[in-house]
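Just below is one structure, and these are the notes that go with it.
What follows is calculated from the coordinates using simple rules that are stated; it is not laboratory data. Given the structure is predicted, the values throughout are model-derived calculations rather than measurements. Heads up, the Cβs are rebuilt from the backbone with ideal geometry, glycines too, and the neighbour counts pull from every protein chain shown.
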Protein chains: 2
Amino acid sequence: MRNLFAGIPAELPDELTETVLDAANVRIERIVSHGQASPAGFWYDQSEHEWVLVLQGAARLLFEGDAAPVEMHAGDYLEIPAHRRHRVEWTTPDEQTVWLAVFYSVG
Amino acid sequence: MRNLFAGIPAELPDELTETVLDAANVRIERIVSHGQASPAGFWYDQSEHEWVLVLQGAARLLFEGDAAPVEMHAGDYLEIPAHRRHRVEWTTPDEQTVWLAVFYSVG
């Protein structure tokens with residue numbers, strides 16, 4: 001048995017991504033951020049759908065065309081349809097933000 | 001945006017199950033237990049694979065043929081292959097146990 005809060009280095013110069021499940025139609029990743037944000041002008045544009053949950057910490061996610069980002073705290077989750085462009089505007093510098101991301105295709 | 005720790009009644013005479021994502025190949029459920037266990041002699045025997053995470057609380061899961069259950073705490077996760085018979089032996093009476101279960105088919 002493994003734990004999503006284990007195996008995280010104290011210092012994180014970059015975001016840490018680990019695949020915790022890799023199946024035919026679904027992939028689950030643990031992502032750990034510590035103050036990181038997406039580079040200026042960068043947008044995620046993913047071919048898969050994503051269901052994302054914040055397990056710890058806090059983050060602001062901006063969807064293209066939206067006036068303001070969505071602020072997420074522990075327990076908050078949302079769906080990001082494939083090709084819905086988005087970026088991470090901010091993650092809290094106060095602690096590590098642990099995300100659970102479930103990527104899946106449809107059909 | 002929704003929160004996995006919201007909308008949980010203080011009293012739970014039965015386990016509470018809510019589907020938080022329902023897509024073609026994957027379904028995500030939030031399950032809340034408060035001291036409940038599987039009925040005597042009952043085994044889950046599921047046609048889908050399951051990836052299950054404990055978000056809060058504690059539980060003991062017994063797999064058929066194993067001598068002892070696996071005790072899970074916050075952050076612990078494991079995979080339950082389809083038709084791997086298992087039962088919930090115990091969930092802590094001290095607080096609500098919140099599970100995240102990702103069900104998926106392969107192929």
Ordering of A:40-47, B:52-59 by burial proxy (mean other Cβ atoms within 10 Å per residue, highest first): B:52-59, A:40-47
Expressed as a whole number, the average count of other chain Cβ atoms within 10 Å around the Cβ atoms of B:19-25 is 5
Quick calc, A:Asp94 & A:Trp43: beta-carbon distance into FRET formula, R0 25 Å, rounding 0.05, result 0.45
Would you mind computing Rg(Cα) / (2.2 N^0.38 Å) for the stretch B:54-99, counting N as its residues? 1.14
Across the residues of B:50-58, average count of Cβ atoms on other protein chains within 10 Å? 3
How far apart are the B:Val106 label points across copies, placing each 7 Å from Cα toward Cβ, in nm, shortest first? 2.5
Put a label point 7 Å from Cα along the Cβ direction on B:Gly65, then list its distances to the equivalent points in the other copies in nm, shortest first. 5.2
What a careful reader reports for the chain A Cβ nearest the rotation axis onto chain B, distance rounded to whole angstrom, is A:Asn25, 2
Suppose you put the label 7 Å out from Cα in the Cβ direction; list, shortest first and in nm with one decimal, how far A:Ala10 is from each other copy's label. 4.1
D (Stokes-Einstein, µm²/s), Kirkwood Cα radius, chain A, 1.567 mPa s at 4 °C: 91 µm²/s
What is the protein assembly as shown by shape, rounded, prolate or oblate, if you read a ≥ b ≥ c off the alpha carbon gyration tensor as root eigenvalues and call it rounded for a/c under 1.5, prolate for a/b larger than b/c, and oblate otherwise? prolate
